[in-house]
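The values are calculated or read from the model by the stated rules, or taken from the named source; none is laboratory data. All figures in this text were calculated on a predicted structure; none of them were measured in a lab. Glycine also receives a Cβ, built like all others from the backbone with ideal geometry; neighbour counts cover every protein chain displayed. Heads up: the accessible areas ignore ligands, DNA and RNA and are worked out on the full protein's heavy atoms, side chains in. Shrake-Rupley method; radii C 1.70, N 1.55, O 1.52, S 1.80 Å.
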Amino acid sequence: MAIVELTGVTKTYQQGKVSVQALRGVDLRVEKGSFLALAGPSGSGKTTLLNLIGGLDRPSQGDIRVDEHDFARMNQSELAELRLFKIGFVFQSYNLIPVLSALENVEFVMLLQRIGAAERRQRAEAVLAEVGLSGLLERRPLELSGGQQQRVAVARAIVSGPAIVLADEPTANLDSKTGQGLLEMMKTLNAQKGVTFIFSTHDNMVMDYARRLVLIRDGRVAEDQVKGS
Amino acid sequence: MFFKMAWRNLWRNPRRTTVILIAVVIGLWSLLFLNAFMRGAIEQMVENNISILTGHLKVQKTGYHSDPVIENSITQPDEVKGVLAKVLPKEARYTSRVRLQVVASNARHNAGVTLVGIDPEAEAEMSFIGDAPLQGRYLSADTPHKILAGRALVEKMETQLEYKLVLMGQDTQNEIASRAFRIRGIFDAELESTEKQYVFVLKQAAQDMLRMGPAVSEFSVLLPEGALLPGVAQALKEALPEGYRVYTWRELLPLMDAYLKMFDGFIYLWTVAVFIAMGFGLVNTILMTVYERMHEFGLLKALGMKSGWIIREVLAEAFLILVLGMAAGNGLGVITVEAMSGGLDLSAFAAGAEFAGMSRIIYPRIVLQDMLVANGVVFFLGLGVSLYPALKAARFTPVEAMLQT
């Protein structure tokens, strides 16, 4: 069953008087429970594609459906609602809220979902334990290492049980050992909980971990490879 | 958690938050203090003017107000007295007076003054003369040809206690009437002009001198606290027979009324000026924090935070600044006014203050209503102007905002 479907998606940015075509007609279908990497050189359009799948931006042309929601029919508020309940994000530079502790960062998404305080806390503590951060609940982002921050970001992304997690270069700022630990953790979550992961990356290690590799080049899908098949 | 976030965000840049807090505190403090000062000054001005023979209400013969001649006196005072006794609230006080412009003279000088014929006991309860510092003695019923004169007049006439002053005016027969009165007391008044203008004699003595019989010039009424002036005035108008007019102090003191309006306008202008200064500071500060945290707002939107929540988050920060500033501003305002409860001595500016009808010593007074208005203006307009940066933050698109570092 497809959780993400893109049909003929293009995206053109206007930079001054120059039009930059970031995506030139992408067709992509991602099955539920996938562990997929969008790979490609810088400027190939993979982050743009991830932003479009996440509803952070709108395509110039084409259709996008996520968990059976047609983006073309949704306004900004409905897209925000969809991101809140169905999509988890992990960013390259962690992007935690600096004034909140690790626990509060994870709780924050559930607060927006209007989940009660007791349940929020219990779920946040459980998911932080799952990513190996039990002892660091009250630490603020600046008091955590890069790897720890990225684990908090993953915890935040998965805590409310999203349909997909979109990770934009999640290992880019981590050393290889920490990056590997993070990928192992995500792989486990994928295997145990069936969470769909879509990465954008040009890190070979991420590509190795991915079960499906989609190569983006010049705004198009250049290669789509399912490993082990 | 929103307030916790707002609170922590405020202190990410303590210096900037402190500066805007100081602006709110000073703005509110100045509003409160100015209101308290003005309120004190105005209340004393009103009190002074009412006590200078005005009262809250006056009953006069029709025509006396525009032409205060002896022919326009009240010839049947008992008729008016009866109505006053019936209509006025129990605790109200009233008295009748004879008033006439006369010439006071002695061997060296003469001066135009207002002769006021009074019932000493009733008058002492009604006007400033009962409380005025007095050199010598007050009038009494058994001393018919004695006079009380103001210190400034006595100095101008170069006379003293127990010396004579001759008063000369036109009587009811259109003849010149005159009589010598011996100075029994020299009074000090809040305003020098009062000391120069009024001389007091027994009502009976004035009536005899001017051949008025029982006639009086006016009845003056002091109402108890809480009595509604317009209602009482209306009731009196309805109860009095034809030929009388009832005046409230606002009608009798049009300049005072104009002053009150001017002060109201001044306070309004000051409120606007303070608010503009504070409002710009607030908008500027919050705009800075919003643009500094553009990336963060993008993140919040990416996580699924709707525009309304973003607005709420930014307004929560403005709310905290305003509430903190208001608490400190109110505290400082109350402490300042309390510290000046002994009065603010304006003796150095006595001439200017007197021109404006103000007392030499002002007792600032904070009134709950003024406090609520000042706080309301600061709070609601403060939140109002903060909407602008809040809306800016809400309009960032996640992708654009997250490109900012």
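Ordering B:Val221, B:Ala393, B:Leu10 by Cα displacement along the dipole of the protein assembly as shown toward the positive end leaves B:Ala393 in first place; charges were set at the Cβ atoms of Lys, Arg (+1) and Asp, Glu (-1). Buried area at the A:B interface is about 2200 square angstrom, summed over both chains, from accessible surfaces computed with a 1.4 angstrom probe. If you take the Cα centroid of the stretch B:186-216 and the Cα centroid of the stretch B:370-405, the two points sit 65 Å apart. Within 10 Å of the Cβ of each residue in A:75-81, the mean number of Cβ atoms contributed by other protein chains is 4.
Normalised by residue count, chain B yields a Cα convex hull volume of 170 Å³ per residue.
Modelled spin labels at A:Ser19 and B:Glu292, positioned 7 Å past Cα toward Cβ, are 4.1 nm from each other.
Across the alpha-carbon atoms of the stretch B:58-105, the computed radius of gyration and Dmax are 13.0, 42 angstrom.
Only protein atoms count toward the accessible area here, which uses a 1.4 Å probe; on chain B, the carbon and sulfur part of that area reaches 59 percent.
Solvent-accessible area per residue in chain A equals 43 Å², computed with a 1.4 angstrom probe and all protein chains kept.
When both bridge partners sit in the stretch B:55-252, DSSP labels roughly 80% of those beta bridges antiparallel.
By DSSP, the beta bridges lying fully in the protein assembly as shown are antiparallel in about 70 percent of cases.
Residue farthest toward the positive end of the dipole of the protein assembly as shown, with Cβ of Lys/Arg at +1 and Asp/Glu at -1: which of B:Ser66, A:Ser134, A:Phe199? The listed residue farthest towards the positive side: A:Phe199.
If you find the alpha carbon centre of the stretch A:179-227 and of the stretch B:278-326, how far apart are they in angstrom? For the stretch A:179-227 versus the stretch B:278-326, the Cα centre distance is 37 Å. Shielding of peptide B:142-152 by partners, expressed as the average count of other chain Cβ atoms within 10 Å per residue Cβ, is 0. The percentage of C-alpha pairs in the stretch A:1-75 whose separation is greater than 21 Å is 25%. Could you give the size of the charge dipole of the stretch B:55-252 about its Cα centre, using +1 on the Cβ of each K and R and -1 on the Cβ of each D and E, expressed in debye and rounded to the nearest 20? Roughly 220 debye, rounded to the nearest 20.
Name all residues of the stretch B:63-104 having a backbone nitrogen under 14 Å from the label point set 7 Å from the Cα of B:Glu238 along its Cα→Cβ direction, giving them as ranges. Only B:87-88 pass the distance filter. A Förster radius of 30 Å, combined with the Cβ-Cβ distance separating B:Ser193 from B:Asp142, puts the computed FRET efficiency at roughly 0.45. Modelled label positions at A:Ser176 and B:Ile22, each set 7 Å beyond Cα in the direction of Cβ, lie 5.5 nm from each other. By the Cα gyration tensor, the protein assembly as shown has an equivalent ellipsoid whose semi-axes, rounded to whole angstrom, run 90, 22, 19 from largest to smallest.
Taken about its Cα centre, chain B carries a charge dipole of roughly 1380 debye when the Cβ of each Lys and Arg holds +1 and the Cβ of each Asp and Glu holds -1. Remark: the stretch B:55-252 carries 48 Å² of accessible area per residue (probe radius 1.4 Å; ligands, DNA and RNA excluded). The share of Cα pairs per 5 Å bin across the stretch B:55-252, counted from zero up to the longest distance, runs 1, 8, 16, 20, 19, 16, 11, 6, 2, 1, 0 percent.
If each DSSP helix of 4+ residues adds -39,500 (n - 2.57) and the sum is divided by the residues in chain B, what number results at 222 nm, nearest 500 deg cm²/dmol? Helix-only estimate at 222 nm: -17000 deg cm²/dmol. Positive-end ranking of B:Ala189, A:Leu84, B:Ala141 along the dipole of the protein assembly as shown, with charges on Cβ about the Cα centre, is headed by A:Leu84. Go ahead and estimate [θ] at 222 nm for chain A from helices alone: -39,500 (n - 2.57) per DSSP H run with n ≥ 4, summed, over the residue count, rounded to 500. Counting only the DSSP helices, I get -11000 deg cm²/dmol. When the solvent-accessible area of chain A is split by element, carbon and sulfur atoms take up 45 percent of it, the probe being 1.4 Å. Principal axis extents of the C-alpha atoms in chain A (largest first, rounded to whole Å): 47, 39, 38.
Taking the Cα centre of the stretch B:254-356 as origin, work out the dipole magnitude from +1 charges on Lys and Arg Cβ and -1 charges on Asp and Glu Cβ, in debye rounded to 20.
For this selection, approximately 560 debye.
Would you work out if the stretch A:45-91 is rounded, prolate or oblate? Take a ≥ b ≥ c from the square roots of the eigenvalues of the alpha-carbon gyration tensor; rounded if a/c is under 1.5, else prolate when a/b is larger than b/c, oblate otherwise. Oblate.
Legend: mean number of C-beta atoms from other chains within 10 angstrom of residue C-beta atoms, peptide B:389-400, equals 2.
Pop the C-beta distance of B:Leu134 and A:Glu125 into the FRET formula with R0 = 60 Å and round what comes out to the nearest 0.05. Using R0 = 60 Å, I get an efficiency of 0.10.
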